[in-house]
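The structure under discussion appears below in the form of structure tokens.
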Amino acid sequence: MKTVSVELRGSFDNSYEIYVDGSVVDRLVNDLSARSYGNRPVVICDENTAGLFGQSLVEKLAKLDLDPVLLTVPAGEESKSLNMFSFLLEGMLEAGITRQDVVVALGGGVVGDLAGYVAGSYMRGLNFVQVPTTLLSQVDSSVGGKVAVNIPGGKNYCGMFYQPRAVYAGIEALKSLPEKEILSGLGEVVKHGVIADRELVEYLVANSEGVLSLEPEVMKYTVARCCEIKADVVRRDEKEGGVRRVLNYGHTVGHAIETHLGYRLTHGECVAWGMRIVAAASNAAGMLSDVDLLLHTKVMDSLKLATGQLEVETADVMEMMKRDKKVKAGKIVMVVPRSIGEVEIQEDFPLELIAAEIDRLK
Ligand SMILES: NC(=O)c1ccc[n+]([C@@H]2O[C@H](COP(=O)([O-])OP(=O)(O)OC[C@H]3O[C@@H](n4cnc5c(N)ncnc54)[C@H](O)[C@@H]3O)[C@@H](O)[C@H]2O)c1
Ligand SMILES: [Zn+2]
């Protein structure tokens, strides 16, 4: 088992551990039965993770007399809604859940964001633990304490910073994940490497087959390393004042592509396109060296990320970018790689270079 510590010592000590292992079920069951985080566990799943993991977990907890509750929402982004938020609050109230109990978010980023927001809100907050079951949620959304639901006018517009008490990331859970969801998570994996760790990028190139076949040792290293990188960024900037913006590498262009294509491609795939575009534009701007651009291209190719042709209208993508909620005073804030492992935040990056790269990839 690899353990990553997230140290958050502001006005309160919000620090917690991330456990990364093949299976984390025994550890989770032990910790819940020791009542480490609360009395009764409320296990929140979507309909896929309920069948795959939720029901068996709840059976185990029931045998230990923990009187668990299982609440299930439909799978998919639509469940990150105020409707599902209130459905879960009502469900917890009906089951007699109190502030002394604990929410277990068992699923991908949708369940994590929704259940985390529920945990932060129910009776003004009770403990919660994240049990991420998608690659994206293991390397990204379960770390950092951002929890939210969508409102009709905007994604993640209703939420808070609410840190889990612990994260349990089990690699074996990824075996049932559809390939496109693995690729989506890999987009964020590469992002972590490019923003902070050249060694990770080189490791991914050297071990791409192991990554794509979810080889346990390779994935344990990869997931734990990504968690360390994200934890380090979050430790320096818990509430997104500045440093945390580096996590948006590939996202300004990626989000625009995602919206432009009406969410036909997964989030990580769009981020991967965004990274390819920005890296090439950085090279054209004289920042990223040819050698580093080659390594960037190599890691994307070897992990089968953003390959083929990008089918978008350049002008529409550029227009979408300007509407991004992270646009500050009319300026598009862009995270640009200076080398592999080091990025810079720029507010005046020449946008014509971005447009030219989108044109080239079409
Ligand atoms: N809070 C943050 O910091 C943060 C960061 C990045 C993304 N997010 C959010 O995360 C969400 C996306 O998360 P996601 O990509 O995990 O999507 P998801 O939660 O929708 O999961 C993808 C699909 O995989 C299924 N699934 C989950 N685990 C499975 C498993 N082990 N085997 C088989 N199927 C499984 C789910 O039921 C779903 O159908 C978005 O809403 C995004 O906004 C949040
Ligand atoms: Zn992302």
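Tell me the helices (runs of 4 or more DSSP H) entirely within the stretch 152-237 that contain at least 2 residues that are within 16 Å of ligand 1 (Cβ to nearest atom) and without any contact (Cβ under 8 Å) to a residue 40 or more places away in the chain. It would help to see each step written out before you state the result.
Numbers: elements: 179-196, 198-206, 208-212, 216-236.
Answer list for the stretch 152-237: 216-236.
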Can you name the condition, by its number, that L247 falls short on among (1) closer than 30 Å to S15 by Cβ; (2) more than 16 Å from ligand 1 (Cβ to nearest atom)? (2)
Among the residues of the stretch 276-296, are any under 18 Å from G154 (Cβ atoms), in a helix (DSSP H, G or I) and of a type in the set (V, I, T)? no
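Only residues that are within 24 Å of K180 (Cα to Cα) and in contact with a strand residue (DSSP E or B) (Cβ under 7 Å, 6 or more places away or on another chain): list them for the stretch 116-140, please.
Q130, V131, P132, T133, Q138
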Matching residues in the stretch 41-65 (away from ligand 1 (no atom under 12 Å from the Cβ) and either surrounded by fewer than 20 Cβ atoms within 10 Å (Cβ to Cβ) or under 23 Å from A224 (Cα atoms) (or both)) number 8
Does the stretch 298-311 hold any residues that are surrounded by 15 or more Cβ atoms within 10 Å (Cβ to Cβ) and modelled with pLDDT of 95 or more, and which are they? K298, V299, M300, S302, L303, K304, L305, A306
Could you run through the stretch 307-353 and say how many residues are within 19 Å of L247 (Cα to Cα) and among the hydrophobic types (A, V, I, L, M, F, W, C)? 11
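Could you list, in sequence order, the residues of the stretch 187-203 that are within 16 Å of ligand 2 (Cβ to nearest atom), within 14 Å of K298 (Cα to Cα) and not charged (D, E, K, R)?
Result: G187, V190, G193, V194.
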Of all residues making up the stretch 313-336, the number that are buried (at least 19 other Cβ atoms within 10 Å of the Cβ) and assigned to a loop (DSSP other than H, G, I, E, B): 1
Which condition does V143 not pass, out of (1) assigned to a strand (DSSP E or B); (2) in contact (Cβ under 8 Å) with a residue 40 or more places away in the chain; (3) within 11 Å of ligand 1 (Cβ to nearest atom), if it passes all the others? (1)
For the stretch 257-264, state whether one or more residues are within 15 Å of ligand 2 (Cβ to nearest atom), of a type in the set (S, T, Y) and not in a helix (DSSP H, G or I). yes
Across the stretch 228-251, what is the number of residues that are farther than 22 Å from L295 by Cα and not acidic (D, E)? 11
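The values are calculated or read from the model by the stated rules, or taken from the named source; none is laboratory data. Worth saying up front: this structure is predicted, and the values here are computed from it rather than measured. Every residue, glycine among them, receives a Cβ derived from its backbone with ideal geometry; neighbour counts consider all protein chains shown.
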